[in-house]
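Just below is one structure, and these are the notes that go with it.
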Amino acid sequence: MPDYKNETTRVVYIRNSQGELVELSPGGHLETEHFCDHEALGLTQVAEAPYWEREVADTVLTSLSSTAQEVEINQNARVVLVHMITGTVTVRRNREDAVPVMRDHSSENVMFTIPVDTRTKRLMITGSGTCRVLQLREF
């Protein structure tokens, strides 16, 4: 993961690899998995490595109907955000006849969080309009 050094004379605040905001004193080093606009903060990038990607899948469903559209859950996903863009949406885990985890929500531009575990293999989504399904490693 990238390593940054504070070569300024002031304290800089940056997110560490656990996502916590930490104080980086002058002369201090920090490795982080999070994006850092190091130049704007006055930091020097000491080591370069791939950034950790929180997003594992992003799906936009248009023309929702009473026939369920299936969204496969990535094995690395731990949470799913369902962003309602227009219309209504009902979400069920794994099967069309399962108890809904989200039912007939109709507010536009609202985002719902659905935790997933290894038993959640897919989401079955019905409704009308459009929604976005964003799968994340963590929230």
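Checked against (1) surrounded by 13 or more Cβ atoms within 10 Å (Cβ to Cβ); (2) at pLDDT 85 or above; (3) outside any loop (DSSP other than H, G, I, E, B), Glu23 passes all but condition (1).
Looking at Val60, Val82, Val56, Val71, just one residue is within 17 Å of the chain's Cα centre (by Cα), exposed (fewer than 13 other Cβ atoms within 10 Å of the Cβ) and of a type in the set (A, V, I, L, M), and that residue is Val60.
Within segment 7-20, residues that are at pLDDT below 85 sit with their Cβ atoms under 7 Å from residues that are assigned to a loop (DSSP other than H, G, I, E, B) and among the charged types (D, E, K, R), at 6+ positions apart or across chains, in these pairs: Ser17/Glu33.
In this structure, does Thr62 turn out to be farther than 18 Å from Asp117 by Cα, in contact with an Asp or Glu (Cβ under 6 Å, 6 or more places away or on another chain) and part of a strand (DSSP E or B)? No: the conditions fail for Thr62. Within segment 54-88, the residues that satisfy the criterion of being within 8 Å of Cys131 (Cβ to Cβ) and modelled with pLDDT under 90 are His83, Met84, Ile85, Gly87.
The values are calculated or read from the model by the stated rules, or taken from the named source; none is laboratory data. Keep in mind that this is a model prediction, so the values were computed, not measured. Cβ sites come from the backbone with ideal geometry, for glycine too, and all protein chains shown count toward neighbours.
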